[in-house]
4 protein chains.
Amino acid sequence: MMVLEYLRKVNFYETDAQGIVHHSNYPRYFEEARGYYLESVGFPYPKLREQLNVDVVLLSLSVEYLKPVRFGDTLSIKFSLVQSDSYFFKFKYDVFVESSLCAVGETKHCCINRENRKVIKIPKELKERMK
Amino acid sequence: MMVLEYLRKVNFYETDAQGIVHHSNYPRYFEEARGYYLESVGFPYPKLREQLNVDVVLLSLSVEYLKPVRFGDTLSIKFSLVQSDSYFFKFKYDVFVESSLCAVGETKHCCINRENRKVIKIPKELKERMK
Amino acid sequence: MMVLEYLRKVNFYETDAQGIVHHSNYPRYFEEARGYYLESVGFPYPKLREQLNVDVVLLSLSVEYLKPVRFGDTLSIKFSLVQSDSYFFKFKYDVFVESSLCAVGETKHCCINRENRKVIKIPKELKERMK
Amino acid sequence: MMVLEYLRKVNFYETDAQGIVHHSNYPRYFEEARGYYLESVGFPYPKLREQLNVDVVLLSLSVEYLKPVRFGDTLSIKFSLVQSDSYFFKFKYDVFVESSLCAVGETKHCCINRENRKVIKIPKELKERMK
């Protein structure tokens with residue numbers, strides 16, 4: 001299991017009137033992290049969409065918010081593919097600011113044909129690179 | 001247990017290049033629904049913040065995405081407070097488009113003092129109205 | 001010239017750490033207002049996209065921010081189509097909170113064919129309703 | 001006049017159902033670019049907020065959208081401070097994808113005291129670094 005680290009500064013527009021990052025941004029950070037994963041394994045998401053006509057969809061999402069994150073913080077998202085079969089795959093994410101664990105999350109996905117949105121097997125070009 | 005229905009049109013800016021509502025909007029819809037709940041029980045969130053100096057924070061979030069939702073759809077979010085003690089409370093949400101269940105979600109919350117962000121008991125002014 | 005009023009509560013997730021609505025939300029409010037315009041003239045945007053295969057694009061945008069808007073406020077957006085020829089059309093927007101003018105904006109648009117993104121004349125089905 | 005270049009990949013969640021980046025993201029990209037400017041002149045925005053108790057506010061914004069930008073694109077935002085007196089300052093932005101100019105924008109700002117939101121002179125600590 002490969003653990004990747006995705007670094008990401010907090011943008012001001014991601015904060016809310018509580019003075020912290022709004023919770024709805026974490027699913028977006030996780031999406032960015034998955035984009036980084038696909039690049040790291042040599043199959044960037046734009047390529048997946050255009051060459052294989054495949055979209056990745058989110059089936060479920062969970063986040064636990066442990067500590068608030070603020071403007072000026074840099075997030076270190078340590079994450080990995082924790083499960084995968086022919087159709088489905090899961091990622092887990094730990095969001096740190098410095099050594100402090102601020103949130104944990106999990107997402108479950110599958111692939112679909114872009115035309116008809118039918119669920120398909122994970123394309124072998126992607127599957128063989130997943131680790 | 002009171003079940004509320006929050007109706008909400010999909011905005012174009014909430015869609016993504018898959019042609020569907022981006023998953024990061026559902027936590028925002030749930031937040032809107034909770035705002036509607038607080039109004040319905042007679043204690044709107046702005047009042048909670050200003051009169052009692054209290055913020056509501058999100059401790060955890062989960063969403064299952066069952067069917068895509070599109071621009072032009074009107075969401076019917078049926079939701080209720082499903083659990084509550086002196087400190088914590090949970091909401092469950094069913095997101096429908098017409099009679100079709102498109103997503104289910106759950107959020108867990110507590111209240112904090114706005115100055116020091118310490119967890120506090122649910123203020124009695126709110127607690128006595130919760131149902 | 002028809003002046004429409006679009007009412008819209010501020011959502012908490014639209015605020016930022018300055019405690020006010022983040023400026024990037026105003027273009028979204030204007031888009032919602034235009035959606036309301038298209039409904040009001042009897043040609044909702046989803047219908048325009050699906051029946052005529054037409055998209056409306058934004059060519060330019062300007063906003064002047066006069067007073068901050070906060071969570072708890074209800075926006076009254078008074079707006080109208082201020083200019084229109086065969087290809088292009090402009091809207092102007094005044095954003096009020098109660099009697100206080102908080103922002104003014106302007107947007108310029110044209111229509112495109114959804115397949116090839118070529119600029120087309122405003123479809124006559126829409127043009128004849130515009131006022 | 002210093003011209004800076006801020007590089008930024010498009011995130012999937014920034015696209016819309018037209019398959020392009022939604023226009024409301026450009027003001028956010030400009031904000032990120034200004035953050036990069038403040039870092040480049042040695043006075044990051046979080047420091048400005050915390051050490052000097054100063055917020056920067058947006059007074060006006062304009063964007064011209066010349067060509068659509070898509071997922072998979074990397075934006076090169078070339079921008080500079082084009083005007084500045086004791087109170088006000090303006091930035092201009094050119095957004096490129098490769099050699100193609102896709103959008104131009106302008107923003108006008110001033111500084112405020114964070115407590116009372118009164119307009120103040122640009123703090124000398126910042127002013128002396130602006131170029």
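Worth pointing out:
- Highest-fluctuation residue, D:GLY19, D:GLY35, D:GLY105 considered, GNM on chain D with Cα pairs under 10 Å: D:GLY19
- Computed over the stretch B:7-50, the quotient of the alpha carbon radius of gyration and 2.2 N^0.38 Å is 1.45.
- Checking the Cα-Cα distances for C:LYS108/D:LYS131; B:LYS9/D:LYS67; A:LYS47/A:LYS90; A:LYS9/A:LYS67; B:LYS9/C:LYS127 against a 27 Å cut-off, the pairs over it are C:LYS108/D:LYS131; B:LYS9/D:LYS67.
- Contact order for chain B, expressed relative to its length and based on alpha carbon pairs under 8 Å spaced 6+ residues apart, stands at 28 percent.
- Averaged over the residues of B:53-61, the number of partner chain Cβ atoms lying within 10 Å of the residue Cβ comes to 5.
- Each eigenvalue of the Cα gyration tensor of the stretch A:4-116, multiplied by 5 and square-rooted, gives one semi-axis; in descending order these are 27, 14, 13 Å.
- The other copies place their C:TYR87 label points at 4.1, 5.0, 6.5 nm from this one, listed shortest first, where each point is 7 Å from Cα along Cα→Cβ.
- Seen from C:VAL54, the other residues with C-beta closer than 13 Å to its C-beta sum to a net charge of +4, counting Lys and Arg as +1 and Asp and Glu as -1.
- Mean ellipticity per residue at 222 nm, deg cm²/dmol - from DSSP H runs of n ≥ 4 across chain D, formula -39500 (n - 2.57): -5500 deg cm²/dmol
- Using θ = phi - 60° and Karplus 6.51 cos²θ - 1.76 cosθ + 1.60, couplings along the stretch A:26-37 (whole Hz; Gly, Pro as x): 4, x, 6, 4, 5, 4, 4, 4, 5, x, 5, 4
- Near the amide H of D:ALA17, within less than 5 Å, lie the amide hydrogens of B:THR15, B:ASP16, all on another chain or at least 5 residues away, with H placed in the peptide plane.
- Between the alpha-carbon centres of the stretch A:98-125 and the stretch C:49-117 there is a gap of 35 Å.
- Apportionment of accessible area to carbon and sulfur, chain B, percent (1.4 Å): 48 percent
- Three semi-axes describe the equivalent ellipsoid of the protein assembly as shown; taken as square roots of 5 times the Cα gyration tensor eigenvalues and ordered largest first, they are 31, 30, 27 Å.
The values are calculated or read from the model by the stated rules, or taken from the named source; none is laboratory data. None of the values given here were measured: they were computed from a predicted structure. Cβ atoms come from the backbone with ideal geometry, glycine included; neighbour counts cover every protein chain shown. These area figures cover heavy atoms from the full protein model, side chains too; ligands, DNA and RNA do not enter into them. Shrake-Rupley method; radii C 1.70, N 1.55, O 1.52, S 1.80 Å.
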